[in-house]
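*Asks:* Attaching a single structure in structure tokens format; questions to follow.
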């Protein structure tokens, strides 16, 4: 018997068919004919009895008339689909499977192995808008199949959305969740995905709106409330701390591009730590490769899962302050959560002595050495984890003090494997010759006494840069311009993510430069022909525009802040600006919203060194810089603490170099040498070298003697 023509049945969306690759003849698409084909195709072994089929599709007719109608339908279909498309055995009718393709069958086959293909196949509802007049049994079957496929497509969408969430493609995750909710409006899994994706992207408003819409829907339709787990997620999302955008603006978190495999492994580690713990993650990369962003993503996910999260960013000046990193973590939330009440009182007393301002009423011994503090910290982490898990994040761990690093590593190593939900994540630069030995020790234990992972963030590849450019260059006229721009951006930035995004953001805001960039390379030029404006120039323009939008008090505070150290001294700002402390604090909040300063634990810092450079160069005249420095020198004179003394000698070296500034810097260096605070020694000697009077041989010799006392690694720094 001759093989029948190839038959494709499309059941999702508008029901249709194709025969040998062409649109099916009209009578194949008659509703009862198509219904017969679809029903047989999806029946066990593609077979049903004739009695069953006539009752399904012609229930209104008597038995003889109904059988005649079925035979007439089969005759017409055999004319268009081939005589061998249907076979009969007794009363059973079978749809031959040779050359038969049915999208619904393919979806069933792919449901367990390829959710992306399932989502691509489901272009609409099953038999969307399709009905067979008078055939109630068929309509009931179609409704049951529709519910079946909605469940399968919803599961696929949740899998696709979960994958997007794991690789930081938040817009794709939100889209998948919304499609899933459209199919199953009462799915808590779908609204959970939507809420998590929106919250992690920085859009808390959308996340909470999804929760309230879902709650209202199930209350109205089912007289039910969201589960405790969903309500708890909404409560946690409400507590997410984010800078408030300026009125009328929206600042969603930009998606990350590339590194999908790395992101999956990192978030798998975070999930394992949240469920099993403990886990330690070390993120290594050059400046601008996204270390801080990845750590933030990790901590945000832990917070959404209900963990207590504490994050700190040490500054280079913190290296010489014993326990400074651990103090910052304790202040950032480790000591003021409900679970801390279950900590052994002796351990709590040891930690309380480190931060007496947080726990004034808790008596305890002096912290003592690393072993005692590590045991106390392990007791705290264990107690907190029993309540809701713990996430500890340290940005720029290379600036941490050695005592804190040793204690953190030892504390995590003391936690029971598989029983404590604790995740510690640290970031550092890959210049291992210039990091504290304590960080090297901690790194060496990752994967040994500290279960975890070290990941290295490399520059974006050509393909990843291209993807990012195509996503963020809507101002380009066509894909040819985007291809040219992608090549130019990769050449200019070498794939550094920060520089790539800075350049694209600046081009989006600075339209006069677009034509020149898109004209690259010019006639006769090569790929090495430079841009008409550099990435640093564009970044400077962006910072200048941001400063220009500030009100006068905020600008005065920013100008004063750039005179001092990276860690902003509020009392010094009050002295330099003559503003009340409350006004200075309001101005700092404004600067944080403008992303010019950041708040880390208990202090404000300048968001990036380039910001201070731009403000000093373009928003302060030379005379204004001189007067601010002089006021700062005078305000710092009564202070005896080391950071104030160091800042004072640095300002004197800049503004009034000479014997007096040199001698003060040397005195500070000697005191720091005696105290063993190596970083302060290095900074003080650098100020002395800058202040040293020219031709002063005796002072040059003294400086050389002190420099020789630095260990070799410090001398390289």
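*Asks:* Among 122, 199, 135, 111, which is at pLDDT below 95, buried (at least 23 other Cβ atoms within 10 Å of the Cβ) and assigned by TED's automatic domain parsing to the domain that holds residue 14? Walk me through it before giving the result.
*Replies:* Details: 199 fails: assigned by TED's automatic domain parsing to the domain that holds residue 14; 135 fails: buried (at least 23 other Cβ atoms within 10 Å of the Cβ); 111 fails: buried (at least 23 other Cβ atoms within 10 Å of the Cβ).
Every option except 122 fails the conditions.
*Asks:* Tell me which of these residue 367 doesn't satisfy, since it passes every other one: (1) touching a helix residue (DSSP H, G or I) at 6+ places or on another chain (Cβ under 7 Å); (2) modelled with pLDDT of 85 or more.
*Replies:* (2)
*Asks:* Taking residue 244 as the residue in question, decide whether it is surrounded by 14 or more Cβ atoms within 10 Å (Cβ to Cβ) and modelled with pLDDT under 95. Working first, answer last.
*Replies:* Values: surrounded by 14 or more Cβ atoms within 10 Å (Cβ to Cβ): no; modelled with pLDDT under 95: yes.
Judged against the criteria, residue 244 is not a match.
*Asks:* I would also like to ask the following. Can you find even one residue in region 167-182 that is over 21 Å from the mean Cα position of the chain (by Cα), at pLDDT 95 or above and buried (at least 21 other Cβ atoms within 10 Å of the Cβ)?
*Replies:* Within region 167-182, one or more residues are over 21 Å from the mean Cα position of the chain (by Cα), at pLDDT 95 or above and buried (at least 21 other Cβ atoms within 10 Å of the Cβ).
*Asks:* Further question: Test residue 550 against the stated conditions and say whether it is outside any helix (DSSP H, G or I), modelled with pLDDT of 90 or more and over 24 Å from residue 639 (Cβ atoms). Full working, then the answer.
*Replies:* Working: outside any helix (DSSP H, G or I): yes; modelled with pLDDT of 90 or more: yes; over 24 Å from residue 639 (Cβ atoms): yes.
Against the criterion (outside any helix (DSSP H, G or I), modelled with pLDDT of 90 or more and over 24 Å from residue 639 (Cβ atoms)), residue 550 qualifies.
*Asks:* Output the number of the condition that residue 605 fails; it satisfies all remaining conditions of (1) assigned to a strand (DSSP E or B); (2) touching a helix residue (DSSP H, G or I) at 6+ places or on another chain (Cβ under 7 Å).
*Replies:* Residue 605 satisfies every listed condition except (2).
*Asks:* How many residues does region 48-81 hold that are surrounded by 14 or more Cβ atoms within 10 Å (Cβ to Cβ) and either closer than 22 Å to residue 3 by Cα or not assigned by TED's automatic domain parsing to the domain that holds residue 132 (or both)?
*Replies:* Of the residues in that region, 8 qualify.
*Asks:* Any residue in region 466-488 that is touching a helix residue (DSSP H, G or I) at 6+ places or on another chain (Cβ under 6 Å), in the same structural domain as residue 377 (by TED's automatic domain parsing) and part of a helix (DSSP H, G or I)?
*Replies:* Within region 466-488 (the criterion being touching a helix residue (DSSP H, G or I) at 6+ places or on another chain (Cβ under 6 Å), in the same structural domain as residue 377 (by TED's automatic domain parsing) and part of a helix (DSSP H, G or I)), the answer is no, since none of the residues qualifies.
*Asks:* Also: Checking the condition at pLDDT 75 or above and in a loop (DSSP other than H, G, I, E, B), which residue from 588, 579, 558 passes?
*Replies:* Working: 588 fails: in a loop (DSSP other than H, G, I, E, B); 558 fails: in a loop (DSSP other than H, G, I, E, B).
When all the criteria are applied, what remains is 579.
*Asks:* Filter region 695-712 down to residues that are surrounded by fewer than 13 Cβ atoms within 10 Å (Cβ to Cβ) and not in a helix (DSSP H, G or I) and give me whichever is modelled with the lowest pLDDT. I'd like the intermediate steps shown before the answer.
*Replies:* Step one: filter region 695-712 for residues surrounded by fewer than 13 Cβ atoms within 10 Å (Cβ to Cβ), giving 695, 697-698, 701, 704-705, 708, 711-712.
Remaining after also requiring not in a helix (DSSP H, G or I): 695, 711.
Values: 695: 82, 711: 60.
So the residue we want is 711.
*Asks:* Right, something else. Check 659, 669, 697 and return the single one that is more than 17 Å from residue 572 (Cβ to Cβ) and without any contact (Cβ under 8 Å) to a residue 12 or more places away in the chain. Steps first, answer last, please.
*Replies:* On the way: 659 fails: without any contact (Cβ under 8 Å) to a residue 12 or more places away in the chain; 669 fails: without any contact (Cβ under 8 Å) to a residue 12 or more places away in the chain.
So the residue among 659, 669, 697 that is more than 17 Å from residue 572 (Cβ to Cβ) and without any contact (Cβ under 8 Å) to a residue 12 or more places away in the chain is 697.
*Asks:* Looking at 515, 565, 571 in this structure, which one is at pLDDT 65 or above and either assigned to a loop (DSSP other than H, G, I, E, B) or in contact with a strand residue (DSSP E or B) (Cβ under 7 Å, 6 or more places away or on another chain) (or both)?
*Replies:* On the way: 515 fails: either assigned to a loop (DSSP other than H, G, I, E, B) or in contact with a strand residue (DSSP E or B) (Cβ under 7 Å, 6 or more places away or on another chain) (or both); 571 fails: either assigned to a loop (DSSP other than H, G, I, E, B) or in contact with a strand residue (DSSP E or B) (Cβ under 7 Å, 6 or more places away or on another chain) (or both).
Every option except 565 fails the conditions.
*Asks:* Here is a follow-up. Quick one: which of 625, 639 is at pLDDT 90 or above, surrounded by 14 or more Cβ atoms within 10 Å (Cβ to Cβ) and not in a helix (DSSP H, G or I)?
*Replies:* Values: 625 fails: not in a helix (DSSP H, G or I).
Testing whether each residue is at pLDDT 90 or above, surrounded by 14 or more Cβ atoms within 10 Å (Cβ to Cβ) and not in a helix (DSSP H, G or I) leaves just 639.
*Asks:* If you go through region 646-680 one residue at a time, how many are within 38 Å of the chain's Cα centre (by Cα), closer than 14 Å to residue 710 by Cβ and either assigned to a helix (DSSP H, G or I) or in the same structural domain as residue 435 (by TED's automatic domain parsing) (or both)? First the steps, then the outcome.
*Replies:* Step one: of region 646-680, the residues within 38 Å of the chain's Cα centre (by Cα) are 646-647, 650, 677-680.
Applying the additional criterion that residues be closer than 14 Å to residue 710 by Cβ yields 677-680.
Narrowing the set further to residues that are either assigned to a helix (DSSP H, G or I) or in the same structural domain as residue 435 (by TED's automatic domain parsing) (or both) leaves 678-680.
Adding up the residues that qualify gives 3.
The values are calculated or read from the model by the stated rules, or taken from the named source; none is laboratory data. Note that the structure is predicted; figures quoted are calculated from it, not measured. As a convention, Cβ positions derive from the backbone with ideal geometry for all residues, glycine included, and neighbour counts pool all protein chains shown.
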